[in-house]
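Input: a single structure, listed below in structure tokens.
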Amino acid sequence: MFDFAVFGSLFLTLFVIMDPPGITPIFLALTAGRPAKVQRRMAWQAAAVAFGVITVFGICGQQILDYLHITTPALMIAGGLLLLLIALDLLTGKSEEPTQTKDVNVALVPLGMPLLAGPGAIVSVILAVQHADSAGAQISVWAAIAAMHVVLWLVMRYSLLIIRVIKDGGVVLVTRLAGMMLSALAVQQIINGITQVIEAR
């Protein structure tokens, strides 16, 4: 049977980690200047990429990490460094040069990974799948994962309405704000990874 406790627990965990409201200003900053059609496409591409990455790691994530001898702290530090590079681009205004190639890259990196499908979400999904010891629990886990990504897509899809209200000047402000938020998130993720490395020794 469907386990609502498992569903609710994982959905809330992923909601806190993936933070759909917090991703809104970053999505707006990264998609600013693109045509509405491209922005809508990027919204579902980012959600689809994140879902694909989470699914792969949910099915065989622990085996992948073990085979490559990658620890969770190393994954966190690498994701943090990547986010920091993106944050610096936002803060310096380098992200405001839209090209067709960049449209595709932004949907994949950093939106799809590591912003949405980051180390925290990946580890949470790996643990949830491992602890789901019945068919009902497994169904509940994957339903929570799917529901979370639908929420992410809806939030990004309809956050585009904000651009029409705040205009170009507001987008620049949101871009700088997103850069600050993202840099803080990146530094915290790096610190958490380093702390786990030190504690493991």
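Things worth noting here:
- Only one of M113, M148 that is part of a helix (DSSP H, G or I) and either acidic (D, E) or under 24 Å from L88 (Cβ atoms) (or both): M113
- Cβ-Cβ contacts under 9 Å between residues 6 or more apart (or on different chains), taken from a first residue in region 147-172 that is within 19 Å of P110 (Cα to Cα) to a second residue that is open to solvent by less than 20 Å² (accessible area, probe 1.4 Å) and basic (K, R), are absent.
- When region 129-148 is filtered for residues that are more than 10 Å from F11 (Cα to Cα) and in contact with a Phe, Trp or Tyr (Cβ under 7 Å, 6 or more places away or on another chain), the ones remaining, listed by number, are G136, I139.
- Residues that are modelled with pLDDT of 90 or more, open to solvent by less than 40 Å² (accessible area, probe 1.4 Å) and not basic (K, R) do not occur anywhere in region 63-73.
- Sole residue being more than 17 Å from A186 (Cβ to Cβ), of a type outside the set (D, E) and outside any helix (DSSP H, G or I), chosen from I54, I70, I64: I70
- Search result, residues across region 173-191 that are of a type outside the set (A, V, I, L, M), surrounded by 16 or more Cβ atoms within 10 Å (Cβ to Cβ) and modelled with pLDDT of 85 or more: S183, Q189
- Residue check for G136: open to solvent by less than 40 Å² (accessible area, probe 1.4 Å), at pLDDT below 85 and either of a type in the set (D, E) or in a helix (DSSP H, G or I) (or both): no
- Flag if V56 is buried (at least 19 other Cβ atoms within 10 Å of the Cβ) and closer than 26 Å to Q138 by Cβ: no
- Hits in region 32-64 - residues which are free of Cβ contacts under 8 Å to residues at least 60 places away in the same chain and hydrophobic (A, V, I, L, M, F, W, C): V56, C60, I64
- Flag if I86 is under 30 Å from T195 (Cα atoms), at pLDDT below 90, assigned to a helix (DSSP H, G or I) and open to solvent by less than 10 Å² (accessible area, probe 1.4 Å): no
Residues checked against (1) open to solvent by 50 Å² or more (accessible area, probe 1.4 Å); (2) under 23 Å from I145 (Cβ atoms):
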residue	(1), (2)
F4	yes, yes
F11	no, yes
L14	no, yes
A32	no, no
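The values are calculated or read from the model by the stated rules, or taken from the named source; none is laboratory data. Since the structure is predicted, the reported quantities are computational estimates derived from the model, not experimental observations. Here Cβ is always computed from backbone atoms with ideal geometry, including for glycine, and neighbour counts include all displayed protein chains. For the accessible areas, the whole protein counts, side chains as well, though only heavy atoms, and no ligand, DNA or RNA atoms are used. Shrake-Rupley method; radii C 1.70, N 1.55, O 1.52, S 1.80 Å.
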